[in-house]
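Reviewing the structure listed below.
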Amino acid sequence: MNAPAPILADSPALISTRFTVPGMRCAGCIGKIERELPKVDGIIAARAN
């Protein structure tokens, strides 16, 4: 797992967002979400449970 980047005084504010994905129960799907979403510009981390 990567260490979080330090937050600098001139950094934009971080926003935490939660989404409900009905029916997502497969460990493979959860892993794919957690791997692929952080590749999207502006997303630092993704966690699915």
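Every number in this text was worked out from the coordinates using simple rules, so none of it is lab data. All figures in this text were calculated on a predicted structure; none of them were measured in a lab. Note: ideal-geometry Cβ built from the backbone for every residue, glycine included; neighbour counts use all protein chains shown.
Figure the gain on full extension for R25 and A45 (residue separation times 0.36 nm, minus the Cα-Cα span) and round it to one decimal in nm. Could the numbers behind the result be given before it?
Values: separation 20, 0.36 × 20 = 7.20 nm, distance 1.98 nm.
Going from the current span to full extension adds 5.2 nm.
Given a Förster distance of 30 Å, report the FRET efficiency between A13 and E36 from their Cβ-Cβ distance, rounded to the nearest 0.05. Could the numbers behind the result be given before it?
On the way: r = 24 Å, r/R0 = 0.81.
Given R0 = 30 Å and the Cβ-Cβ separation, E is 0.80.
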